[in-house]
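Comments concern the structure below.
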Amino acid sequence: MERDKHFVLGVYEDEDVLLAAIRKVRDSGIKIMEVYSPFPVHGIDEALGYKRTRLPIAAFLFGLLGTSLALLMQIWMLGFDWPMIIGGKNFASLPPFVPVTFELTVLLSALGMVGTFMVVSDLKPYKKPRLMDIRITDDKHVMAIDLAGNKMSKEDIRKIVGDSGASEVNDKDFE
Amino acid sequence: MQVTSAVREDLVTGGKTVHDVTHDICRQVEGKPTKSWMLGMAISLGALGIGTYAVLALLWEGIGVWGLNKTVGWAWDITNFVWWVGIGHAGTLISAILLLFRQKWRMSINRAAEAMTIFAVICAACFPGLHMGRLWVGFYWALPLPNTWGSLWVNFNSPLLWDVFAISTYFTVSLVFWYIGLIPDFASIRDRATNKISKAVYGALSFGWDGAAKTWMRYESVALILAGLATPLVLSVHTIVSFDFATSVIPGWHTTIFPPYFVAGAIFSGFAMVLTLMLVTRKVYKLEDYITINHIELMNIIIIITGSIVGIAYITEFFIAWYSGVEAEQYAFINRATGPYWWAYATMMTCNVISPQLFWFKKIRTNIAATFILSIIVNIGMWFERFVIIVTSLHRDYLPSSWAMFYPTFYDVGVYLFTFGLFFTAFLLFAKFFPVINMAEVKSIIKSSSLKETK
């Protein structure tokens, strides 16, 4: 069977039922491809066994880049490229450079992190999402199980998902 | 699993289900514009039209059309600038600082407050640009461009330049923060859309959001870090705005109390503007179950705290002027309170320090009409605060032969009107085409709210 084409979907109404169901389904040896929710459910990443995102590291590195660029720019422009005496102070005196350095640190950190988030999550304006169920963005939680990724038969998977508290068990096939 | 203290009142009332949230908010976007919306839009566009005439005349003639003179070289332009920036502080404060403090009541007001922030910052940014008289020079006077483009590198020692960086960073980060929050809600509208145009538009706006748990996990991490970045940012912006005054040597401006005093004043006026707008939106869109009396009371409590901080700052300024023994400083403050601009000082004191104290009474802070009136009074007071700081410190120059008064012309009023038109036009467009409440966040607290309701 082809990968990423044929799915069994478990539809859940309640986030606590969903969390219990994820543990149950995973314990019975089924690999869950992904769970889709209308809002962030706390604890779902641990239940699914996801590793913590490394986006904070990206934010820190982009922030560091902002700090360095801001300092280099100000020191080079006023200290080396065209030194001017302003208020009798040193050409490149650090204290007045603090505000701009701070602002650029925040700016690059925020934009860099959000940009990274967009890229790793594949969010872009012209993207057509592959929706498992139209009600995901309304009020339903949907657990998607890729049939090609599991050795179990479709009927067994449907039974386990149905017993885990799902309100509906559906099939979904993509072209 | 959400744990909420039993003493806390419900954040969402009326036993709403998750589907109700989607329906109640999306309905506003999907329906036809109402008569009251059309009327509001007509008034805003009218103001924008008259204002545009004033702006064009200003650009054509130069800032001589304003009532400025050689003594009072800064008046309504910078007053309006600081006023709008101050209003623009509530949105990011609500969404960032209240997120870090895990205050869940922020969830039904943060979207509209952030929108208000963005529009207010745009209005504020009009003034530094326009007060140069020639808008286009703003680019090579304010941006670090090579010497061959303008005169020289910009002066990084100047607080006016810090302002450029602070305001533009604040605007960009607030916009990004706001947009990230909007993506899942745009997806909700996309999936409910019935006609082709809205499917395509909201499809593009939602960036192909599919609600995957992995994306939600990253989304929450991004929101938390953006909040962590925006918190010092929001405090830095008005601090830097206050440096425009505090680093100068004008008596009445040269005070170290300015940064915290300005930040408190900004939060004060920002919350007042949020209340003014939300009380109307809540009524017109029938959102009483999402923005409850509880929300209004909590916002009023923040107003009374920040209003009292501002009051203490006024008194401290006066005391320090006397205690410093600097005659020029003492004169500046005596002149503020008893000179020809005493009425502006009295308005400021009444609106900012005395009237918000009425919120100590629970009856008043839970009364919608009283809150609405007081929220407008606060913003009138905050406008006068900036006017008092700016004009009364300047109008009695060092030499009595240079003493002058400031009288606004049609163009002073017109440019102010322009920003009002811009602000309300943008806000009305937002209220019609964007989800006014953060649906995804509100949905995450529905269960704990409705559980208590059914008990």
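The values are calculated or read from the model by the stated rules, or taken from the named source; none is laboratory data. Treat the numbers as computed from the prediction; the structure is a model and nothing was measured. No Cβ is skipped: glycine too gets one built from the backbone with ideal geometry, and neighbour counts run over all protein chains shown.
General observations
- Residue in the stretch A:109-119 that is without any contact (Cβ under 8 Å) to a residue 12 or more places away in the chain, buried (at least 20 other Cβ atoms within 10 Å of the Cβ), among the polar types (S, T, N, Q) and within 8 Å of chain B (Cβ to nearest Cβ) present: no
- Among the residues listed as B:389, B:376, the single one being among the aliphatic types (A, V, I, L, M), surrounded by fewer than 18 Cβ atoms within 10 Å (Cβ to Cβ) and away from chain A (no Cβ under 14 Å): B:376
- Matching residues, the stretch B:310-333, being more than 22 Å from residue B:86 (Cα to Cα) and touching a residue at least 12 places away in the same chain (Cβ under 8 Å): B:318, B:320, B:321, B:326, B:328, B:329, B:331, B:332, B:333
- When each of B:98, B:68, B:58 is tested for being closer than 28 Å to residue B:298 by Cα, aliphatic (A, V, I, L, M) and either out of contact with any Ser or Thr (no Cβ under 8 Å at 6 or more places or on another chain) or within 14 Å of chain A (Cβ to nearest Cβ) (or both), the lone residue that passes is B:98.
- Cβ-Cβ under 7 Å pairs, at least 6 apart or on other chains, the stretch B:64-84 side in contact (Cβ under 8 Å) with a residue 24 or more places away in the chain, far side assigned to a loop (DSSP other than H, G, I, E, B) and of a type in the set (D, E, K, R): B:71/B:397
- A single member of A:68, A:93 is small (Gly, Ala, Ser), within 30 Å of residue B:158 (Cβ to Cβ) and in a loop (DSSP other than H, G, I, E, B), and it is A:93.
- All told, residue A:147 meets the bar of being out of contact with any Gly (no Cβ under 7 Å at 6 or more places or on another chain) and either more than 7 Å from chain B (Cβ to nearest Cβ) or of a type in the set (Lys, Arg) (or both).
- Top-ranked residue of the stretch A:43-62 - restricted to ones that are free of Cβ contacts under 8 Å to residues at least 60 places away in the same chain and within 7 Å of chain B (Cβ to nearest Cβ), ranked as farthest from residue A:106 (Cα to Cα): A:48
- Residue check: residue B:135 meets all listed conditions (1) within 30 Å of residue A:79 (Cα to Cα); (2) free of Cβ contacts under 8 Å to residues at least 60 places away in the same chain but one, namely (2).
- Test: residue in the stretch B:172-191 that is assigned to a loop (DSSP other than H, G, I, E, B), surrounded by 17 or more Cβ atoms within 10 Å (Cβ to Cβ) and hydrophobic (A, V, I, L, M, F, W, C): no
- Residue count for the stretch B:160-171, restricted to those that are within 8 Å of another protein chain (Cβ to nearest Cβ) and either in contact with an Asp or Glu (Cβ under 7 Å, 6 or more places away or on another chain) or surrounded by fewer than 15 Cβ atoms within 10 Å (Cβ to Cβ) (or both): 3
- Considering (1) surrounded by 20 or more Cβ atoms within 10 Å (Cβ to Cβ); (2) outside any helix (DSSP H, G or I), the lone condition that residue B:286 does not fulfil carries the number (1).
- Count of the stretch B:196-216 residues which are aromatic (Phe, Trp, Tyr), part of a helix (DSSP H, G or I) and at the interface with chain A (Cβ under 7 Å from one of its Cβ atoms): 1
- Listed by first and then second residue, the pairs linking a residue in the stretch A:79-103 that is more than 9 Å from chain B (Cβ to nearest Cβ) to a residue that is of a type in the set (A, V, I, L, M, F, W, C) and outside any helix (DSSP H, G or I), with Cβ atoms under 7 Å apart and 6 or more places separating them unless they lie on different chains, are A:79/A:91; A:79/A:92; A:83/A:91.
- Which listed residue is among the β-branched types (Val, Ile, Thr), in the same structural domain as residue A:20 (by TED's automatic domain parsing) and in contact with a helix residue (DSSP H, G or I) (Cβ under 7 Å, 6 or more places away or on another chain), from A:101, A:116, A:137: A:137
- Residues located in the stretch A:152-169, provided they are within 28 Å of the chain's Cα centre (by Cα) and part of a helix (DSSP H, G or I): A:157, A:161
- Exactly one residue out of B:54, B:115 is over 20 Å from residue B:276 (Cα atoms), surrounded by 15 or more Cβ atoms within 10 Å (Cβ to Cβ) and in contact (Cβ under 8 Å) with a residue 40 or more places away in the chain, and it is B:54.
- Counting only helices (runs of 4 or more DSSP H) that sit completely within the stretch B:311-390, those holding 2 or more residues that are over 30 Å from residue B:292 (Cβ atoms) and out of contact with any Leu (no Cβ under 7 Å at 6 or more places or on another chain) correspond to B:327-338, B:342-349, B:368-387.
- Unique match (being modelled with pLDDT of 90 or more, surrounded by 24 or more Cβ atoms within 10 Å (Cβ to Cβ) and among the aliphatic types (A, V, I, L, M)) among B:65, B:85: B:85
- Out of A:13, A:2, A:34, sole residue that is more than 10 Å from chain B (Cβ to nearest Cβ) and either under 30 Å from residue A:163 (Cβ atoms) or surrounded by fewer than 14 Cβ atoms within 10 Å (Cβ to Cβ) (or both): A:2
- Screening B:97, B:122, B:118 for residues that are over 19 Å from residue B:229 (Cα atoms) and in a helix (DSSP H, G or I) leaves exactly one candidate, B:122.
- Index of the failed condition, residue A:131 passing every other in (1) over 16 Å from residue A:34 (Cβ atoms); (2) within 14 Å of chain B (Cβ to nearest Cβ); (3) assigned to a loop (DSSP other than H, G, I, E, B): (1)
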